[in-house]
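A short worksheet on the structure shown next.
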Amino acid sequence: MSGLSRFALALVIIGALNWGLIGFFQFDLVASLFGGQDAFLSRVVYGLVGLSALVCLGLLFKRDEETDTVSERRRVGNPNLGTEFGQEPDFEKKRDAESKKKNRRM
């Protein structure tokens, strides 16, 4: 996600929180901070939130890079399903070899 997209998303979240305050408590935080709804700075903030919503609308329809890389993987025709633990070692041969070594030493 680019820096512009992150900034736009942050402004949209601020705008959504402001709308939540208006809906639940009838309190417009932006208007109270910047001198009412008709104040120049309030109108700038409202305008930036609106433009940010347009940028985030583009993010809504953007393909997700993470899921795209997963779906573009090539399938292997004959995968090797063996693992390093696929064959059990023959412990009897090991014991026989060790006992022969001990017998030779004696």
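The values are calculated or read from the model by the stated rules, or taken from the named source; none is laboratory data. Keep in mind that this is a model prediction, so the values were computed, not measured. Glycine gets a Cβ as well: all are built from the backbone with ideal geometry, and neighbour counts include every protein chain shown.
Inspection of the stretch 47-60 identifies at least one residue that is polar (S, T, N, Q) and either touching a Gly at 6+ places or on another chain (Cβ under 8 Å) or on the phi > 0 side of the Ramachandran plot (or both). When Ser2 is tested against (1) loosely packed, with under 13 Cβ neighbours inside 10 Å; (2) in contact with a helix residue (DSSP H, G or I) (Cβ under 6 Å, 6 or more places away or on another chain), just one condition goes unmet, and that condition is (2). With the condition kept exactly as written, say whether any residue in the stretch 66-87 is of a type in the set (A, V, I, L, M, F, W, C), under 30 Å from Gly3 (Cβ atoms) and at pLDDT below 80. Within the stretch 66-87 (the criterion being of a type in the set (A, V, I, L, M, F, W, C), under 30 Å from Gly3 (Cβ atoms) and at pLDDT below 80), the answer is yes, since at least one residue qualifies.
Of all residue pairs spaced 6 or more apart or on separate chains, those with beta-carbon atoms under 6 Å, a first member in the stretch 9-37 that is assigned to a loop (DSSP other than H, G, I, E, B) and a second member that is surrounded by 12 or more Cβ atoms within 10 Å (Cβ to Cβ) and of a type outside the set (Gly, Ala, Ser) are Phe27/Leu21; Asp28/Ile22.
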